Amino acid sequence: EKTTDIVYIRVSNNGNDWHGCGRKYALHPTPQVGKIYPLEGPASGKTSIHVSGYGFFEGDLRCTFNGISVSAKSISSTEIRCVSPPQTNLDGPVVTQLIVSLDGFAIGHADFTYFPTPYLTSVLPSSGLMRGGTTLTLTGGNF
């Protein structure tokens, strides 16, 4: 893992004579996105996505899915989490780019696949024995 460096600021009004003002400035490593997990989720959204990498320091962390931006939470300098927003009008699985940004600057991306949200219209039979073994017939779609 890369670390943050602290430097002291010096100023000059002629480019030749420098004055130390005692102010510190933090130089953070350039954040990098490694992997995301999971790689897919339903179109209804609400999938908690773990993004691994490094250099995730405090700031305005965001994840963007198909132009929809959501806030991200820094868990550590090597992990952030965000929740996928819902997507509409999916006829089948759609691969989108998840873009991670820090303070308005894109720092990495990964592919995330939305699939149509599964639904049930019936379950037959509607009950069974506690010991199990009942065969169920599920009717619906997107599964």
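The values are calculated or read from the model by the stated rules, or taken from the named source; none is laboratory data. A quick note: this is a predicted structure, and the numbers were derived from the prediction, not measured. Reconstructed Cβ throughout: ideal geometry from the backbone, glycine too, with neighbour counts over all protein chains shown. These area figures cover heavy atoms from the full protein model, side chains too; ligands, DNA and RNA do not enter into them. Shrake-Rupley method; radii C 1.70, N 1.55, O 1.52, S 1.80 Å.
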For region 1-80 and region 114-143, what is the separation of their C-alpha centers, rounded to whole Å? 44
Taking amide H atoms as placed 1.01 Å from N in the peptide plane, list the residues 5 or more away in sequence, or in a different chain, whose amide H sits under 5 Å from that of Gly45. Gln87
Might you report the magnitude of the Cβ-based charge dipole of the chain about its Cα centre, with Lys and Arg at +1 and Asp and Glu at -1, to the nearest 20 debye? 300
In a Gaussian network model over the chain where Cα atoms closer than 10 Å are linked, find which of Gly45, Gly15, Gly108 has the largest mean-square fluctuation. Gly15
Charge dipole (the chain, unit charges on Cβ, about Cα centre) - positive-most of Pro31, Ile49, Tyr114: Ile49
Counting only protein heavy atoms with a 1.4 Å probe and every protein chain in place, the carbon and sulfur fraction of the accessible surface of the chain in whole percent equals 53
With θ set to phi - 60°, apply the Karplus curve 6.51 cos²θ - 1.76 cosθ + 1.60 along region 119-125 and write out the HN-Hα couplings as whole Hz, x wherever there is a Gly or Pro. 9, 10, 10, 7, 10, 10, x
Whole-Hz Karplus couplings 3J(HN,Hα) for region 90-96, θ = phi - 60° and coefficients 6.51, -1.76, 1.60, Gly and Pro as x, run 9, 8, x, x, 10, 8, 10
In percent, how large is the relative contact order of the chain, given Cα pairs closer than 8 Å and 6 or more residues apart? 19
Which order do Ile36, Ile99 take when ranked by solvent-accessible area (1.4 Å probe, heavy atoms of all protein chains), largest first? Ile99, Ile36
What is the set of long-range amide H partners of Leu61 at a cut-off below 5 Å, with H atoms built 1.01 Å from backbone N? Ala72, Asp103
Which chymotrypsin sites (Phe, Trp or Tyr not before Pro) in region 1-98 pass both tests, a DSSP loop state and at most 12 other beta-carbon atoms within 10 Å? Trp18
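Within 10 Å of each candidate Cβ there may be at most 13 other Cβ atoms; applying that plus a DSSP loop requirement, which trypsin sites (Lys or Arg not before Pro) in region 57-143 survive?
Details: sites: Arg62, Lys73, Arg81, Arg131; in loops: Arg131.
Here the trypsin sites (Lys or Arg not before Pro) that fit, given the DSSP loop and packing criteria, are Arg131.
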Per-residue ³J(HN,Hα) for region 59-67, Karplus 6.51 cos²θ - 1.76 cosθ + 1.60, θ = phi - 60°, Hz, x for Gly and Pro: x, 7, 7, 9, 10, 10, 10, 6, x
